[in-house]
Amino acid sequence: MTNEERDIITQFITRVSGAQQAQPAFGGSVPATRQALPPVDPQADRLIADLMTRYPDSRYRLTQLAFVQEQALNEAQNRIQRLEWELQQAQQAAQQAQQQPRGGGGFFSGLFGGGARSAPPPQQGGGWGQGGP
C-alpha cells in the first residue's frame, strides 16, 4: 500500500464514520458540505460487528466496494452536470438561430446552405418493399 492509498482510505473511513475532520489550514475553494448522519442502530451495529468478526475479509471488500461506488457516483454526477450544460448551450444556440432574420442572402446563399429551404414531404405508400413499382 502506498502513502497515497493510506491517505485515501483514512479520509474515506473518517468521512463515512461521521467524525469531524480537521479543515486544512490553507482553506479550500469549495466549502465542505456535511450532512448529518443518522444515529447508529445498536442492534444492527452488533450484528455487523459479529459478521465482520466471522468474515474478516468483508471489511476490506466492503470498504473497497463503497469507495468505488462513491467514485462512480461522483463521475455520474459530473457527467450529468456536463450534459445538462451542453443541453443548455444547444437550447440557447437553437433559440438564437430562431431569432436571426431569415431569407434573403447573397447570390450563392441557396447553393451553400444559406437559403431557407423546407425539407421535402415524406413519401406516402408505394415505396420499396411495399408492393410498389
- prompt: Among the candidates 41, 50, which residue alone is surrounded by 10 or more Cβ atoms within 10 Å (Cβ to Cβ) and modelled with pLDDT under 95?
  reply: 41
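Picking from 73, 83, which residue would you name as being part of a helix (DSSP H, G or I), at pLDDT below 95 and under 13 Å from the mean Cα position of the chain (by Cα)?
On the way: 83 fails: at pLDDT below 95.
Result: 73 is the single residue among 73, 83 that is part of a helix (DSSP H, G or I), at pLDDT below 95 and under 13 Å from the mean Cα position of the chain (by Cα).
The values are calculated or read from the model by the stated rules, or taken from the named source; none is laboratory data. Keep in mind it's a predicted model, so treat the numbers as computed, not measured. Because the Cβ atoms are built from the backbone with ideal geometry, glycine has one as well, and the counts that use them run over all protein chains shown.
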